[in-house]
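The values are calculated or read from the model by the stated rules, or taken from the named source; none is laboratory data. Since we're looking at a predicted model, the values are computed, not measured. Note that we place each Cβ from the backbone using ideal geometry, even for glycine, and neighbour counts take in every protein chain shown. Calculation scope for accessible area: heavy atoms of the full protein, side chains included, ligands and nucleic acids excluded. Shrake-Rupley method; radii C 1.70, N 1.55, O 1.52, S 1.80 Å.
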Amino acid sequence: MKKPCAARDDAVFCLSNCPTLSTSLFPSADEPCRLVILISGRGSNMQSIVDACRNENWPARVVAVIANKPDAAGLAWAAEQGIATAVVPHRDYPSREAFDVALAREIDRHEPHYVLLAGFMRVLTTGFVAGYTGRLVNIHPSLLPAFPGLHTHAQALAVGVQAHGCTVHFVTPVLDHGPILAQGVVPVRAGDTPEDLASRVLQIEHRVYPAAVRWLVEGRVRLVDNLVRVEGDTQRLFFLGDAHE
Ligand code: GRF
């Protein structure tokens, strides 16, 4: 039987310029993969991961949802599902570094194998990112490397691209950058507003993020020369309206 989270104790899981992942973080290969999800707001991507984890019977458990804003709407939904929730309000800390230390302390209480950023709207310090090398994953609402940063849908409309989408990637110290796990593509339609495009992209986000996390918890992901490889040569590009999973 496949070891859950096999990738997590694999030395190839070392992003360039980062220390090798410590095997001591992973005491047992037999326990379900522990996931902590960070949110700042609505949390629809978080919900899609929680639902897929449960409905598809992943060898994994979402052990906590943590927000940097007390009014993040996704917190209530997570609590209703019986998931531990916590708030680390960034406004309570005098610096980015101090916030990141407090955030890491809260995350580490839950001993996660992977930390998933799902609409978590804070730039993280290099020190924080280094502490989760190969275990920190993000979804960004554009086809990276196009349109990093904020207002991606408006950026896309402003330059007239005909395709837009989302990217699930490992987090490195460079913002919206890092080895790509999966991407989802949607068409840009004549007359689209940024809001139209955002809602179309969100639909594909809800397929791409759970699919990528599933590969992780099944231990199918490797980094080779800083590029992601997924065991089974899985299709890693998703299209809106396309039936493949
Ligand atoms: C998503 O579009 C995500 O890609 C971006 O922020 C949005 C969060 O939405 N980073 P939700 O909170 O997951 O509903």
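If you take all other residues with their beta carbon under 12 Å from the beta carbon of Ser142, and give Lys and Arg +1 and Asp and Glu -1, the sum is -2.
Which residues in the range 168-191 place their backbone N less than 12 Å from a point set 7 Å from the Cα of Gln162 along the Cα-to-Cβ direction? Residues passing the 12 Å test: 187-190. Scoring 118-128, 177-187 by mean Cβ neighbours within 10 Å over their residues and listing the highest first yields 177-187, 118-128.
For Asp92, put the label point 7 Å out on the Cα→Cβ axis and report which residues of the range 117-135 keep their amide N under 18 Å from it. Inside the label zone: 121-122.
Write down the percent of antiparallel bridges among all DSSP beta bridges whose residues are both part of the chain, to the nearest 5. Approximately 40 percent, going by the DSSP bridge assignments. Magnitude of the charge dipole for the chain, about its Cα centre and with charges confined to Cβ atoms of Lys, Arg (+1) and Asp, Glu (-1), is about 100 debye. Pull out a ≥ b ≥ c, the square roots of the eigenvalues of the alpha-carbon gyration tensor of the range 125-245, then state rounded if a/c is under 1.5, prolate if not and a/b is larger than b/c, and oblate in the remaining case. Here the range 125-245 falls in the oblate category. So if the hydrodynamic radius of the chain is defined as the Kirkwood radius over C-alpha pairs, what does Stokes-Einstein give as its diffusion coefficient at 37 °C and 0.692 mPa s, in µm² per second? Using the Kirkwood radius from Cα pairs, D works out to 180 µm²/s. Each peptide among 230-236, 35-41, 203-209, 160-166 gets the average number of other Cβ atoms lying within 10 Å of its residues, and from highest to lowest they stand as 35-41, 203-209, 160-166, 230-236. Entry comment: accessible area of the range 131-224 is 36 Å² per residue, from protein heavy atoms only and a probe of 1.4 Å. Working note: Cα gyration tensor of the range 93-150, eigenvalues times five, square-rooted, sorted largest first, giving semi-axes of 21, 15, 10 Å. Using only the Cα atoms of the range 157-202, build the gyration tensor, take square roots of its eigenvalues as a ≥ b ≥ c, and label the shape rounded, prolate or oblate: rounded if a/c is under 1.5, else prolate if a/b is larger than b/c, else oblate. Prolate is the answer for the range 157-202, as a/c is 1.5 or above and a/b outweighs b/c.
Fully extending the segment from Thr126 to Glu231 would add 34.8 nm, taking 0.36 nm per residue of separation and subtracting the current Cα-Cα distance. Packing, taken as the mean count of other beta carbons within 10 Å per residue, orders the peptides 85-97, 215-227, 134-146 from highest to lowest as 134-146, 215-227, 85-97. Here the range 54-170 has 53 percent of its accessible surface on carbon and sulfur atoms, given a 1.4 Å probe and all protein chains in place. The spread of Cα positions in the range 57-187, taken along each principal axis and listed from longest to shortest, comes to 44, 39, 29 Å. For Leu117, the residues 5 or more places off, or on other chains, whose built amide H falls under 5 Å of its own are Leu38, Val137, Asn138, Ile139.
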